Structures are given as C-alpha cells and as structure tokens.
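Notes follow once the structure below has been shown.
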Amino acid sequence: MKTCSSVYGPCSARLAARWAGFALVCALLAPWPLPVAQAQTSVDPIADAREALRRKDRSRLAAARATAAASAHPLAMWADYWELSNRLSEVAQSEVDAFYQRWAGTYVEDRLRNDWLLELGHRRDWAAFAADFPRFRMNDDREVTCYALLTRHLQGVEVRDPARAAWFAQRDSDEGCALLATTLVEAKAFDTADVWQKTRLSIEAGRLRAARQSAALISPSTSGLVQDLSDSPARFLTRRAAADGRVGAELATLALMRMAISDPEAAALALNDRWERLLPADLAAWAWVTVAKQSAMKLLPEASDQYQRAERLAAGQELGWPDDTLAWKVRAALRANGGRGRWQQVVQGVNAMGADDQKDPAWVYWKARGLQALATDSQDGEALRAQARRMLGSIAGHLSFYGQLAAEALGQPFVLPAAPVPLAAPEKDAAAAHPGLTRALRLASLGLRDEARREWNYSLRSMGDRQLLAASALACEASDWQLCINTSERTRGELDLAQRYPTPYRDEILARARELGLDAPYVLGLIRQETRFMASLRSSAGASGLMQVMPATARWTARKIGLDYSPELINDPGTNLRIGTGYLKMVLDSFEGSQALAAAAYNAGPNRPRKWRDGPVLDTAVWAENIPFAETRDYVKKVLSNATIYAALLNGEPPVLRSRLGRWVGPRDVNAPEPDKDLP
C-alpha cells in the first residue's frame, strides 16, 4: 500500500488495516493538493497568512485569508482569526458575531472571544462584556477574570474576596486587574492594608511594574518611591527610609525585601543592625521571611534559622506569605542541621500551605517523612506513624518521582499498571474523524506547533479516558510523540504505558548506549523529558534536535568525539543522538556517574550543579528537591522517574528509583579525578 507522509516521518502503511477512519488524517497530513501548473510555486495559504501576521503585513494577510476561504481550506478559520484579531481594536460587535457564527464550536471562536472580551474591557463596554462572557468556554485568562469581577461589582454583586484573590495572583501589571483594584479601592471594598499586601507580594515575586502600579493606589508619590527603592534599595535605606509612621515602615520593608533578592546576607545584616528594632513586628517578619527564602534559594545554611526568626516575629498572625515562600521553608528545613533536617519545621511548613499545594505529591511525601521522624520521640508516635503511612499510601504507585519513593518508603514493590483494554475500531474512528484533532495535526504538519498544541488541547477538554487514549493513539500513529505522550498523561483510570513511554529511535538509542557504556533507560528518560522524541524541535534558547543540543556544545562535542560535523546536521536524529549521548557520557564521568547530578548538568550546565553539591552531604532526594531552578528541579526528578519506568519496560527490572538516586549527594571527593573544566 502506498503511504502518506508528514513532517515527522512516514505515516504507517498499516493505518488502513488498523484504522478505518484514518484515511482523513493521512489526507490532512499529506501536502495540500495543488493544481499541476502551480505545484512548484504555490504556498499553503495558512502558512502564508501566519508569515504575513509575523511581518505585520495586513494586505498580504487579507489576501491569504481570502485564498484560504475561496479554496475551503480546512484551516481557513485560522487565517480568518489572524486577520480579524490583527485589527480587533477597529471592529464592531457585528463583525465579531459574524465570526462566531462562521466558526461556531471551534477553538478559534473561543480564542477570538478571549481577545474580544479584553477589547470590550478596554473599551469599558460592560453591557457587551456581560453578554459575551458566559459563552467563554476556556475561561483561563486572568485579566478577563478581573474584568468579569468588575462587571459583577458594577451590577451590585459582592466580589471582594474573589477580586482580592485574582488581584493578588496577577503576574504583572495589566489593565483589567488594575482597573478592578482601582474601582474597589474607590468603593472602599479594598483598604490600604490590601494595597500594601499586594505591593509586598509583587516586590517579593520580582514584579516591579505590578508593585509600582499597586503603590500608585496609595499615591503617585508612593509609586515613585517604590521605583527608587527598587532601583537602589541600599541607598534608599541609607538616605530616605524612616520607620516613624506606617507608610515609612512599609517602604523600608519593601527596600529590605528588594535588597534580599540580590543580597540576602546584606539584608540580614541591615535587619540585625537596625531595622528589626524599628519596624512593626509584622513588617519585620515579612522582611525576614523574604531574606530566608532568598537564602534558601542560594542554599545558605542560615535559611532555616531565618525562617524561624520570621515566625517568632509573626507570633501566630496570618500574614499571607506565598506558597512558594513556604515551599522554600520546607526545603531549607530538609537541608538543616548538616543534612539531618528539622522535621518539625518541615511539617509546619507544609501545614501552612494552601489546600491545593498540600496535595502536591512532593509535600505529601515530605510531610509523611517528617511525621515518621517526629514519631520517634513522641508519645503519639504510633498515631503519627499511621498518619504517615496513610499519606504515603495516597501517592504510592503514582507514575512520578514521589509516587515511586512513597512505595519504596512503605516497603511495597512499585508495580507498573496493567495495559488497558485495546481500543475498539469505533473509538479509533471517532478520534480520526474529530475535526479539532485533525486540524491540530494539519497545523503541526505546517510547522505551526503552538497553534497545533492549542487546537489539540482545546479538543481534549471534555474527553474521558477512552477518548484520550484514542486521541493519543492518533498522535502516535502520526509520529507526533509530544501530543501522543502529553495526551495519554491526562488519563486517570486507564494508563497506557506504551503511549506514555514510547521508544522511537529505539534501536539507534540502544546501540549508541551500548557503544558508550551508558544506561539506555536513562538516555530514553532524558530524551523523553527533553523533546518527547521530537527531532525537529528548537528551544527559545537555541537548543536543537532530539537531545536539545546547543550549537556551541554540538561543535565542542563533535571535536571531542571525532565526529565530522557541520551546523546543518544538528537536527539530523542520528547526528544529534551521537553528539547528545557523547556529551552526556562526558557529563556523567565529570560527576562520578551520578545520574541526578548529570541530569542537572545536562539541563542547567555543569558549573551550577558543581556549586549546588557543595555544603552538607544530603539524601539525593533532598538534594534534588533543593535545586534552586524550578525547571531543573522538575527536570531531574522526571528524568530519573522516566528512567526507572523505561528500565522496567525494556529489561523487566523491578522499578526501583532509589538505586538510580544513589545514597547521597555532597562535595566532590578530593580523591576523585579532576572534572573537565572545559565541559560546556
């Protein structure tokens, strides 16, 4: 049988036998049919429209939209969306309503509604906003949420608590949340304490525009002072700060917090020398907890003591510290006492988190470990141990880092889930015929991966496990391993490990691992986390290919391993695999074979984990949880968890994560060979 092909490789010839409805997908993945006379010169109008949008070429965009519409292109709605959204500030409701009608039920209809609601908020057209908002299905835009709350306030509805939560969660300054806050301050629904709290949260998170915006609700001059203290906190504290009134104390606290972000030791010194005595206890507690978080993120040993100092000053008051600040309290407590931990502080830190964060498997695991440690010297020891067992049991067996550790902590074998019942032909046919899924695959074939991801995820919103498995299978058959894995990971009751942990390039990876003496499951686990086996991906930082190699690293590694290399080969799967595994082997050797340290080095560069390993000798799980970069922390845990599952799938090994972690991470053994300082 003749096969079709996509940009990710050939569509399998067995599709016809396995999927009665998959002919449509093959048709969509194949190059769009063109008249013979134009076959060499015509450009897909959707790709042309996207390029016109990038270049801000209105006339070209309008022409591409017209071409797509005239040819009944299956993605014509995207060109229509780009063209209309590009001039949204100029259009009337009637034109938007016509778009809604043309593309009813599609992702772009709801995407345009999101954009239009923001425009209506900007226009202060509250009647039109109130009429359209209930039809916003995604409802995932924080600024739209702020406008919606403002609309309800104007209708006389009490919105203080949800409005305060939405404003505090605002990531940076935006018009909708700023207008909501201004209106509620004027209405006396928000008071000065709310405004200062928002300003502190913004400074603590490094969101300076949002801090200035909220401070302006006190007065324009206050906003200017926040700018000054942000620019030079030390100078502000020396020349302008005073604590002879609440406003002065608030500004001094903001300056101390701002100083702590860049230099927690200097901020701690300033608090010790003067400011703790001058500030009200609640503000001194805020300053100290910010110092403590920054110390913890820099892995300084005094972080745990600083958290305790902040707690003493808070004296039981609920000061609204962010969950991320509390997470670093737990991490600092795990490192404290020379790596032995302060388990009471661990448990207290988790208990202080919001309900959702307390359910995170990381904090379930570490609270349970804390309860186990505290049980030793407690008269309620058996009750604490029982509570710890229940908590560990609630996550044991999850296909995650902490799910695997929880099972091992309970002494239970970590058993992989059984394969689900195979998909029936009607289930496969329904996925193959789903308009949103087929549009997403077509977008992916044009290289429009962001649009493809949005279209695909929108289509998954209300699917159950069986529908998700069928959608995942559709993506797997199209060799879109990113959509394949990510979709299958959404299932809750039925888990298909063949979809979640596929092995594209299996023979090549296993052969290369044997050649270098690498652990093949570790390589697979790393590639799964890097690119989901998508050989054509390129990161915003410039890393490319299957193993996401930076151009300079590729050149350096190619020279080291004697590979004939030129830059255009970086996305060739075989070349990228040789370079990536060659580099990984050198990284592992540089870190004495530690898979945890090597994964951190592969993600963040080798110099950072060389610093992160300094300090006390730590349980490897404690060390991994204390990695300062959120991306790298998540990466290391997922690579090791992935590798454990791949080992079980490939080799039939019992999945034991601890054997991969090793016993501990600490300073480099002085007798170990010197690492390659040139390793990029």
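Just need the relative contact order of the chain here, percent rounded to a whole number, with Cα pairs under 8 Å and 6+ apart.
9 percent
Taking R0 as 25 Å, what's the FRET efficiency between GLU186 and ALA128 from their Cβ-Cβ distance, rounded to 0.05?
Values: r = 23 Å, r/R0 = 0.93.
Here the calculated transfer efficiency is 0.60.
Enumerate the whole-percent occupancy of each 5 Å bin, from 0 to the last occupied one, for all C-alpha pair distances of region 223-371.
2, 10, 20, 20, 18, 13, 8, 6, 2, 0
Please report, for the Cα atoms of region 303-399, the Rg to one decimal and the Dmax as a whole number; what are they, in angstrom?
My reading of the Cα-based Rg and Dmax gives 13.5, 41 Å.
For region 386-544, state what percent of all Cα-Cα pairs lands in each successive 5 Å bin, counting from 0 Å until the bin that includes the largest distance.
Per 5 Å bin, starting at 0, the Cα pair percentages come out as 1, 8, 15, 16, 17, 15, 13, 8, 4, 1, 0, 0.
In square nanometres, what is one fourth of the surface area of the convex hull spanned by the alpha carbons of region 367-427?
Numbers: hull surface 21.5 nm².
Spelled out: convex hull of the Cα atoms, projected over all directions, averaged, 5.4 nm².
Check each of the GluC sites (Glu not before Pro) in region 130-211 and keep only those in coil by DSSP with at most 11 other C-beta atoms within 10 angstrom; list them in order.
Values: sites: GLU143, GLU158, GLU175, GLU186, GLU204; in loops: GLU158.
Sparse-neighbourhood loop GluC sites (Glu not before Pro): GLU158.
I need the semi-axes of the equivalent ellipsoid of region 59-113: take the C-alpha gyration tensor, multiply each eigenvalue by 5, square-root it, list largest first in whole angstrom. Mind dumping the intermediate values first?
On the way: eigenvalues 57, 41, 15 Å².
Taking √(5λ) for each eigenvalue gives 17, 14, 9 Å, largest first.
Could you pull the Cα extents of region 559-604 along its three principal axes, largest to smallest, in whole Å?
For region 559-604, the Cα extents along the three principal axes come out at 31, 19, 15 Å.
Can you tell me the alpha carbon radius of gyration of region 53-169 divided by the globular rule-of-thumb value 2.2 N^0.38 Å?
Values: Rg = 16.1 Å, N = 117, 2.2 N^0.38 = 13.4 Å.
In units of the 2.2 N^0.38 Å rule of thumb, it is 1.20.
Take the Cα atoms of region 134-179, find their three principal axes, and give me the spread along each one in whole Å, biggest first.
27, 24, 16
Over the alpha-carbon set of region 178-290, work out the extent along each principal axis and list the three values in angstrom, largest first.
Sorted from largest, the Cα extents of region 178-290 read 41, 24, 24 Å.
Would you compute, from DSSP H runs of 4+ residues alone, the mean residue ellipticity of the chain at 222 nm, taking -39500 (n - 2.57) per run and dividing by the full residue count, rounded to the nearest 500? Don't skip to the answer; put the middle values down first.
On the way: 40 runs with 427 residues, N = 680.
It comes out at -19000 deg cm²/dmol, rounded to the nearest 500.
Mind giving me the FRET efficiency for ALA552 and ALA418? R0 is 45 Å, r the Cβ-Cβ distance, nearest 0.05 is fine.
Numbers: r = 46 Å, r/R0 = 1.02.
Calculated transfer efficiency: 0.45.
Starting from the Cα of HIS398, step 7 Å along the direction of its Cβ; do the same at ALA541; then give the gap between the two resulting points in nm.
Rounded to a tenth, the inter-label distance reads 2.6 nm.
Roughly speaking, what % of Cα-Cα pairs in the chain are separated by over 31 Å, rounded to a whole number? Intermediate results must be reported in sequence, preceding the final value.
Working: 148167 of 230860 pairs.
So the portion of pairs separated by more than 31 Å is 64 percent.
Could you please report the charge total around GLN348, scoring K, R as +1 and D, E as -1 over all other residues with beta-carbon less than 9 angstrom from its beta-carbon? Could you put the intermediate results ahead of the total?
Numbers: positive: LYS329; negative: GLU311.
That works out to 0.
Please pull out the direction-averaged projected area of region 328-370, using the convex hull of its alpha-carbon atoms, in nm² to one decimal place.
Numbers: hull surface 10.1 nm².
If I average the Cα hull's projected area over directions, I get 2.5 nm².
Take the alpha carbon atoms of region 346-399, find their radius of gyration, then divide it by 2.2 N^0.38 Å using N residues; give the quotient. Please list the in-between numbers first.
On the way: Rg = 11.0 Å, N = 54, 2.2 N^0.38 = 10.0 Å.
Taking N as the residue count of region 346-399, the ratio is 1.10.
Could you work out how much longer the chain between ASP572 and ARG663 gets when fully extended? Use 0.36 nm per residue separation minus the Cα distance between them, nm to one decimal. Please list the in-between numbers first.
Working: separation 91, 0.36 × 91 = 32.76 nm, distance 3.76 nm.
Gain in length upon complete extension: 29.0 nm.
How high is the FRET efficiency between ARG102 and ALA498 when r is their beta carbon distance and R₀ equals 30 Å, given to the nearest 0.05?
Details: r = 40 Å, r/R0 = 1.33.
The pair ARG102/ALA498 has a calculated efficiency of 0.15.
Enumerate by residue number the chymotrypsin sites (Phe, Trp or Tyr not before Pro) in region 340-396 meeting two conditions: DSSP loop (anything except H, G, I, E, B), and at most 10 other Cβ atoms within 10 Å of the site's Cβ.
Values: sites: TRP343, TRP363, TYR365, TRP366; in loops: none.
Filter output for region 340-396: empty list.
Obtain the nm distance between the two label points defined at ASP465 and GLU265 by a simple spin-label model: each point lies 7 Å from its Cα along the Cα-to-C-beta direction.
Computed distance between label sites ASP465 and GLU265 equals 5.4 nm.
Compute the length gained on full extension between SER59 and ARG135: take 0.36 nm times their separation in residues and subtract their Cα-Cα distance, giving the result in nm to one decimal.
On the way: separation 76, 0.36 × 76 = 27.36 nm, distance 3.15 nm.
Gain on stretching SER59 to ARG135: 24.2 nm.
Need one number: nm distance between label points at ASP161 and ALA386, each 7 Å from Cα along Cα→Cβ, rounded to one decimal.
According to this spin-label approximation, the distance is 3.3 nm.
So for region 582-632, what percent of the C-alpha to C-alpha distances run longer than 19 Å? Let's see the in-between values first.
On the way: 218 of 1275 pairs.
Of all Cα-Cα distances in region 582-632, 17 percent exceed 19 Å.
Go ahead and collect, in residue order, the members of region 102-127 whose backbone nitrogen is under 16 Å from a label point 7 Å along the Cα-Cβ direction of LEU154.
116-127
Any idea what the alpha-carbon Rg over 2.2 N^0.38 Å comes to for region 526-680? Can you show the working numbers first?
Numbers: Rg = 15.6 Å, N = 155, 2.2 N^0.38 = 15.0 Å.
Taking the Cα Rg and dividing by 2.2 N^0.38 Å, one obtains 1.04.
Laboratory data are not the source of any read-out in this text; all were calculated from the coordinates shown. As the structure is a prediction and not an experimental result, all values here were calculated from the model. Please note: Cβ atoms are built from the backbone with ideal geometry, for glycine as well, and neighbour counts cover all protein chains shown.
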